Amino acid sequence: MVLWLSGLYGIPPELYESAQVDGANRWQRFLYITLPGLRPHLFTITALSLLNSFKVFREAHLYMGGYPQKSIYMLQHLFNNWFVTLDIDKLCAAASVMAAVVFAVILLLQKTIDREDA
């Protein structure tokens, strides 16, 4: 929310005033001033939201307790099993693959946003 607000405060109010004088309604001001003004902040906010979406361990802990049941098959279940059995090879491989996937998704997101700016 703070990042969205900083993006909104970065848009000069003179743009809104001149658009209103030119006869633009609220929807047109939002579409043609606010959204393009927030585009530089879009990559940062989306990348941080993506990274935070991988941290669902707290929700699973609150929902199922300290150790999730076998019916909840998610990344936390795999890491818990490998950590309990001290299977370091699988933990390292999974962490490397997960980091590579997140990095690839962020690069794809950056390329997509840069294409929209051009």
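The values are calculated or read from the model by the stated rules, or taken from the named source; none is laboratory data. Note that this is a predicted model, so its numbers are computed, not measured. Because the Cβ atoms are built from the backbone with ideal geometry, glycine has one as well, and the counts that use them run over all protein chains shown.
Filter segment 12-53 down to residues that are among the β-branched types (Val, Ile, Thr) and touching a Leu at 6+ places or on another chain (Cβ under 8 Å) and give me whichever is surrounded by the fewest Cβ atoms within 10 Å (Cβ to Cβ).
From segment 12-53, those among the β-branched types (Val, Ile, Thr) are 21, 33-34, 44-46; that's our starting set.
Next cut, touching a Leu at 6+ places or on another chain (Cβ under 8 Å) only: 33-34, 44-46.
Numbers: ILE33: 17, THR34: 15, THR44: 13, ILE45: 15, THR46: 15.
Selected residue: THR44.
Total residues in segment 1-11 satisfying the condition of being closer than 27 Å to LEU107 by Cβ, surrounded by 11 or more Cβ atoms within 10 Å (Cβ to Cβ) and either in contact with a helix residue (DSSP H, G or I) (Cβ under 6 Å, 6 or more places away or on another chain) or among the aliphatic types (A, V, I, L, M) (or both): the figure is 2. ILE72 meets the conditions (1) modelled with pLDDT under 80; (2) exposed (fewer than 11 other Cβ atoms within 10 Å of the Cβ) in every case but one. The failed one is (2). Among the criteria (1) modelled with pLDDT under 90; (2) among the aromatic types (Phe, Trp, Tyr); (3) touching a helix residue (DSSP H, G or I) at 6+ places or on another chain (Cβ under 9 Å), the one TYR63 does not fulfil is (3).
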